[in-house]
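First up is the structure itself, then whatever we jot down about it.
Every read-out reported here was derived from the displayed coordinates using simple, explicitly stated rules and does not represent laboratory data. All values reported here derive from a predicted model rather than from experimental measurement. A quick note on method: Cβ atoms are made from the backbone with ideal geometry, for glycine too, and the neighbour counts reach across all protein chains shown.
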Amino acid sequence: MKIADRTFIISGGASGLGLATARDLHAHGAYVSLLDLNCDSGSQIVTELGKRAKFFETDVSNTESIADAIKGTTAWIKETGKTIGGVVTGAGVGLPGLIIDKKNEPVPIASIDFVLNINLRGTLDLIRQALPYMTTVEPAGPDGERGVIIMVASSAAFDGQMGQVAYAASKGAVASLTLPLARDLSRYGIRAVTIAPSVFDSNMTKLMGSKVKQSLANAMEFPKRAGQPEEFARTVKDCIENVMLNGTIIRLDGGMRMPARL
Ligand SMILES: NC(=O)c1ccc[n+]([C@@H]2O[C@H](COP(=O)([O-])OP(=O)(O)OC[C@H]3O[C@@H](n4cnc5c(N)ncnc54)[C@H](O)[C@@H]3O)[C@@H](O)[C@H]2O)c1
């Protein structure tokens, strides 16, 4: 799939891994439609990137909000003539909590719903609503490709730590749905790939204390540092350009395996 002159929808595009992806795809000639809750950052980025970028204030846990963003994106595509090339589902949250705490209180169901609604339901709902547009674009290239869906799981999908039951459940589900999604979409020439990062510098991780950061560094193999958002974006670019990447989960973790606790 070519990047230049195609439109890519990026949820969570106003920060961290989604933002680095938006910048990288934009630098390679893409049109980027950024869906995020964070209006200030979203508008600032669009001002910076210029006319090949659009921001839609979106809550991915709300079906109507996604529908509005898709409607806005497709109207924009009509103006630019740059058909949709893919979706990157970067919006995500973490909310740590032991399944049962020291006071014998189980984790609130609201916490579980919050994480699953954004990380899992929000991922599937965005894909679901973008697909009717992706399936109808003109197939391109020798393989007749129509587009690619790139999802974001986490190391927690495989080695979730204490207090990460809800987050690991959401990311494990995203990893699990990758192959059936690819299978459902193969007849349309649409691929599905998931990237599972370990610890990357972003707003999500910058609040970690120095003790936690040191403990994570001790668990790292090589390199012994957090990944950079640009390194994530580079893998997204490869997922778009390399047609053989399909139905699979790419661990982007420098060989790190998370310990049970920090
Ligand atoms: N940074 C890491 O170490 C790391 C590791 C593994 C997986 N991930 C995953 O990568 C993805 C991106 O995370 P990040 O590190 O860039 O974090 P981040 O906090 O920098 O960015 C996440 C973005 O998602 C947006 N968002 C949150 N809830 C939303 C909602 N309901 N609707 C729309 N947008 C919403 C936020 O406003 C923010 O802009 C997440 O899915 C996260 O779970 C991150």
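Things worth noting here:
- Size check on the chain: the Cα extents along the three principal axes, sorted descending, read 57, 37, 37 Å.
- Coil-residue trypsin sites (Lys or Arg not before Pro) of region 183-262, DSSP, other Cβ within 10 Å capped at 14: Lys224, Arg225, Arg257, Arg261
- The antiparallel fraction among DSSP beta bridges confined to region 80-225 stands at about 15%.
- Cα-only Debye scattering, region 136-262: base-10 log of I(q)/I(0) at q = 0.11, 0.13, 0.14, 0.21 Å⁻¹: -0.44, -0.58, -0.66, -1.19
- Spatial separation of Cα centroids for region 132-152 and region 1-67, in angstrom: 18
- Amide H contacts of Leu252 (H built 1.01 Å from N, under 5 Å, at least 5 apart or other chain): Ala196, Ser198
- Out-of-range pairs (alpha-carbon distance over 27 Å; input Lys2/Lys78; Lys103/Lys211; Lys2/Lys206; Lys54/Lys237; Lys102/Lys211; Lys103/Lys224): Lys2/Lys206; Lys103/Lys224
- Considering only Ala233, Ala75, Ala157, the mean-square fluctuation computed in a Gaussian network model of the chain, springs between alpha carbons under 10 angstrom, is largest for Ala75.
- Debye, to nearest 20: dipole size of region 7-252, +1 on Lys, Arg Cβ, -1 on Asp, Glu Cβ: 300
- Projecting the Cα positions of Gln44, Ser202, Met162 onto the charge dipole of the chain (unit charges on Cβ atoms of Lys, Arg, Asp and Glu, taken about the Cα centre) puts Met162 furthest along the positive direction.
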